[in-house]
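Written below as structure tokens is the structure these notes are about.
Values quoted throughout were computed directly from the atomic coordinates according to the rules given, and no laboratory measurement underlies them. Quick caveat: nothing in here was measured; it's all calculated off a predicted structure. FYI the Cβ positions are ideal-geometry reconstructions off the backbone, even for glycines, and counts take in every protein chain you see.
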Amino acid sequence: SYKNGILELTFKQLGPEKPKGRMVEVKEAAQQHVGRGVAVLHPGVIRRYGWAAGQILELVYNKKTHVKLWPGSSKEHGTDGISIDGVTRYNIGAGIGDKISVRAVEAVDAEQIVLSPTENITVDGLQEYMLRNYANHVFTTGDSITAGTRLGGRAQFFVTGTKPAKPAIVTERTIFKLGSMTKAVNPYVPRITYDELGGLKNEVQKIRETVELPMRHPELFEQIGIEAPKGVLLYGPPGTGKTLIAKALAGETSAHFTSLSGPEIMGRHYGESEERIREIFRQAEEHAPSIIFIDEIDSIAPRREEVTGEVEKRVVSQLLALMDGIKDRGKVVVIAATNRPDSIDPALRRPGRFDREIEIGIPDEGGRLEILNIHTRGMPLGDGVDLRQIARITHGFVGADLAALSREAAMRSLRRALPEIDLDQDKISGSALQKIKVGHDDFGSALRE
Ligand code: ADP
């Protein structure tokens, strides 16, 4: 299809040439390799380049990072390319399909690694947390680390120093030090990647073709004479990942992300709703590339046959006027979500408006397993935990349900092991979690609740 044509063209022609290493195309990491700090290459390629498994690779695109080389072949991605996860892509500022420079380098054992949080957060047991989750990782100054907090929150750190000042491998003797707070690079770019999305492979593929590609490479679309979209409608039941997919898209493309919700906009005083929408578009254009996410769009733009008040009419015409006025096509994209696609004003779905639609459905068993894997990543799971079985018996559960289930199972194990702990404090707690394991029964009893 033409879409695949475009993809292939991108892969072959684009990406800045960096002189030092071999230019290799970035592929998505398979789920089992996410968060491990590795780059997966086909054994044949490793041999051809004269590298060896376990060797440290330097990856360069807009920034530099280091990972461990891991042999593996991927049925889906073929035999060439380098598979790296979202965090590694973030650390070099590259997206899937970009060509990056790769070369083998020497690394040393880390004596010390300094981690600076981007928020003022209490950290307890940093040493244990890091040793448990990052054994054998190689760190470079500038790398980003996202740590899960006890209550399912996330905290970001940057590596602000390593001793020796070289790519440094974590060993049992590595000392982790908490550095002073550092600024997040851009708080309007979500730190979410496609790795956080389970069971949405085809949907992500579609969003990459329709939005990510024109956003990254507008020249290609112009050349071929295809217009980049201004609006995409995501539809499906609540909790299936519509918001998450919009955020991941922004995270992967380093796009400015703003969101508004239909009910929130409608709850404002006379004139304020339109003013707010204008302000959001103004900011989005100023900070392009940008994603504007509108949740529950049906509440601002219901079908005309349904009761439509004056406010709705004004808000819809304001929204349409702003979308018609988008100059930087492909650089500002409005993504709207609804669980009732048939209940929105058809005027919104005309060409030049929300003229692409992607269904985000309820996950099947395989999808549920992927989602469970994502939400238990970084949890100390006991040996008896059988996520396949949980996936099998959670028919009808959406992503939000499975996230809540995983969180509840973790809380149960925490309460069981540490009745004295204060669960109201959202902390990163390496030392507390070190003592416990989340068991299969914790999932079982959370399910029965
Ligand atoms: P929607 O916008 O469709 O109502 P969200 O994207 O807000 O749903 O999902 C809410 C939460 O549920 C997410 O933050 C995430 O934790 C979890 N979740 C939902 N869908 C998925 C998915 N496909 N994969 C992983 N987690 C998911």
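Ranked by the mean number of other Cβ atoms within 10 Å of their residues, highest first, the peptides 296-302, 330-336, 310-316 fall in the order 330-336, 296-302, 310-316.
Over segment 228-350, the Kirkwood radius and the radius of gyration, each from Cα atoms, give a ratio Rg/Rh of 0.94.
Between the beta carbons of Glu286 and Arg448, assuming R0 = 60 Å, the FRET efficiency works out to 0.75 to the nearest 0.05.
Note on the chain: with a GNM built from Cα contacts shorter than 10 Å, the maximum mean-square fluctuation among His269, His256, His395 falls on His269. For the pair Gln223 and Gln127, a Förster radius of 45 Å applied to the C-beta separation gives a FRET efficiency near 0.25, rounded to the nearest 0.05. For segment 44-122, a simple Cβ point-charge model (Lys and Arg +1, Asp and Glu -1, everything else neutral) yields a dipole of about 360 debye relative to the Cα centre.
Per residue, the convex hull around the alpha carbon atoms of the chain comes to 164 Å³. Once the C-beta distance of Lys183 and Arg377 is scaled by a Förster radius of 30 Å, the resulting FRET efficiency is 0.65 to the nearest 0.05. Restricting segment 43-128 to trypsin sites (Lys or Arg not before Pro) that sit in a DSSP loop and have at most 16 other Cβ atoms within 10 Å of their own Cβ leaves Lys63, Lys75.
Distance from the Cα centre of segment 315-330 to that of segment 334-401, in angstrom? Comparing the Cα centres of segment 315-330 and segment 334-401, I get a distance of 29 Å. Between Val108 and Glu359, the simple label model (points 7 Å from Cα in the Cβ direction) yields a spacing of 5.8 nm. About the centre of its Cα atoms, segment 92-216 shows a dipole size close to 180 debye [charges on the beta carbon of Lys, Arg (+1) and Asp, Glu (-1) only; nearest 20 debye]. When you count the other C-beta atoms within 10 angstrom of each residue and take the mean per peptide, 179-189, 33-43, 202-212 line up highest first as 33-43, 202-212, 179-189. For the chain, the relative contact order comes to 16 percent (Cα pairs under 8 Å, sequence separation of at least 6). In order along segment 50-60, the phi-based Karplus estimate (6.51 cos²θ - 1.76 cosθ + 1.60, θ = phi - 60°) of 3J(HN,Hα) comes to x, 9, 9, 4, x, 5, 8, 10, 9, 10, 10 Hz; Gly and Pro are listed as x.
Fraction of C-alpha pairs exceeding 16 angstrom in segment 79-131: 65 percent, rounded to a whole number. Gaussian network model of the chain, Cα springs within a sub-10 Å range: biggest mean-square fluctuation belongs to which of Tyr129, Tyr270, Tyr235? Among Tyr129, Tyr270, Tyr235, the largest mean-square fluctuation in the Gaussian network model of the chain belongs to Tyr270.
With the convex hull of the Cα atoms taken as the outline of segment 344-425, the averaged projected area works out to 8.7 nm². Distance between the C-alpha centres of segment 165-198 and segment 205-263: 26 Å, rounded to the whole angstrom.
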